[in-house]
Amino acid sequence: MPALKPTSFSARITWLGRVAEDRGTLRSTPLEEVDATLDGFPGETHGGATRPACSRVSTQYERGTEIRNVRQLSIVSAEELAEIAAAMALDHIDPAWIGASMVIKGIPDFSHVPPSSRLMAASGAGITIDMENRPCIYPGREIEKEAEGFGKRFKPAAKGRRGVTAWMEYGGHLAIGDTLVLHVPDQPVWAHLSQTPGS
């Protein structure tokens with residue numbers, strides 16, 4: 001019996017980008033299309049099968065420990081990006097400023113879709129969502145270069161709206177305008193979640 005079920009929710013890819021491996025910046029370069037592999041987007045600094053552990057997993061691993069890379073991609077929704085911009089009193093936020101890999105439009109409350117959900121493309125490409133992407137200071141530094149005095153507003157404005165980290169479960173062609181169908185795990189929410197610290 002399948003453990004994941006297709007939903008009636010789908011999204012359209014409105015932007016694609018890649019953070020180049022040798023640029024030393026979070027800023028991504030826009031793409032029209034990409035042939036994604038199991039390592040992510042070719043030439044992407046966050047790509048690869050493994051990565052060094054960072055602050056997101058500091059309660060599990062010492063920083064720098066080589067772990068499985070489930071942070072190949074940073075995906076944000078156009079709707080939430082507009083909400084962040086409005087909260088910052090900006091007209092817009094260029095996805096390149098925040099190091100986005102992909103912007104999609106059409107899935108409500110996208111940052112909180114269940115972990116392990118899939119985004120399935122017509123090409124067969126399958127993207128697995130790891131978890132909500134927590135805001136950090138680095139996008140603010142790029143925003144500050146474009147809108148002086150606004151960079152520090154990003155982290156609080158992006159809380160709960162920063163999108164998700166994700167990884168390629170199956171490679172394939174992705175292009176602006178493509179449709180992605182949301183598949184979610186067929187299981188209930190863990191009954192003891194309210195007993196965990198910080199919930």
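Which residues, counting only those in segment 70-79, are out of contact with any Lys or Arg (no Cβ under 6 Å at 6 or more places or on another chain) and either of a type in the set (Ser, Thr, Tyr) or touching a residue at least 60 places away in the same chain (Cβ under 8 Å) (or both)? Passing the criteria: 70, 71, 72, 73, 74, 75, 76, 77.
Exactly one residue among 50, 37 is surrounded by 13 or more Cβ atoms within 10 Å (Cβ to Cβ) and among the polar types (S, T, N, Q), and that residue is 37. The set of residues in segment 160-199 being surrounded by 13 or more Cβ atoms within 10 Å (Cβ to Cβ) and among the charged types (D, E, K, R) consists of 161, 162, 169, 178. Counting only residues that are crowded, with 17+ Cβ neighbours inside 10 Å, touching a Pro at 6+ places or on another chain (Cβ under 9 Å) and not small (Gly, Ala, Ser), segment 102-117 holds 2 of them.
For segment 76-88, indicate whether the set of residues that are buried (at least 17 other Cβ atoms within 10 Å of the Cβ) and under 20 Å from residue 123 (Cα atoms) is non-empty. No, the conditions are met nowhere in segment 76-88. Listed by first and then second residue, the pairs linking a residue in segment 173-199 that is farther than 21 Å from residue 41 by Cβ and of a type in the set (A, V, I, L, M, F, W, C) to a residue that is in a strand (DSSP E or B) and at pLDDT 85 or above, with Cβ atoms under 6 Å apart and 6 or more places separating them unless they lie on different chains, are 184/7. Scanning segment 24-69 for residues that are touching a strand residue (DSSP E or B) at 6+ places or on another chain (Cβ under 8 Å), assigned to a loop (DSSP other than H, G, I, E, B) and free of Cβ contacts under 8 Å to residues at least 60 places away in the same chain yields 42, 43, 45, 46, 47, 48, 49, 53, 61, 63, 64, 65. Are any of the residues in segment 98-114 hydroxyl-bearing (Ser, Thr, Tyr), out of contact with any Asp or Glu (no Cβ under 8 Å at 6 or more places or on another chain) and closer than 21 Å to residue 175 by Cα? Looking for residues that are hydroxyl-bearing (Ser, Thr, Tyr), out of contact with any Asp or Glu (no Cβ under 8 Å at 6 or more places or on another chain) and closer than 21 Å to residue 175 by Cα, one finds none in segment 98-114, hence no. Checking each residue in segment 178-199 for being in a loop (DSSP other than H, G, I, E, B), within 30 Å of residue 13 (Cα to Cα) and of a type in the set (Val, Ile, Thr) picks out only 189. Say whether the condition of being farther than 17 Å from residue 17 by Cβ, among the small types (Gly, Ala, Ser), at pLDDT 95 or above and more than 18 Å from the chain's Cα centre (by Cα) is met by at least one residue in segment 98-119. No, that holds for no residue. Per the listing 62, 66, 21, the residue uniquely surrounded by 12 or more Cβ atoms within 10 Å (Cβ to Cβ), acidic (Asp, Glu), more than 16 Å from the chain's Cα centre (by Cα) and farther than 22 Å from residue 117 by Cα is 21. For first residues located in segment 80-105 and more than 24 Å from residue 10 (Cβ to Cβ), partners that are hydroxyl-bearing (Ser, Thr, Tyr) and lie 6+ apart or on another chain with Cβ distances below 8 Å form the pairs 96/28; 96/29; 99/28; 99/74; 99/138.
The values are calculated or read from the model by the stated rules, or taken from the named source; none is laboratory data. All of these numbers come straight from a predicted model, not from anything done at the bench. Cβ coordinates were reconstructed from backbone atoms using ideal geometry, including for glycine residues, and neighbour counts include every protein chain displayed.
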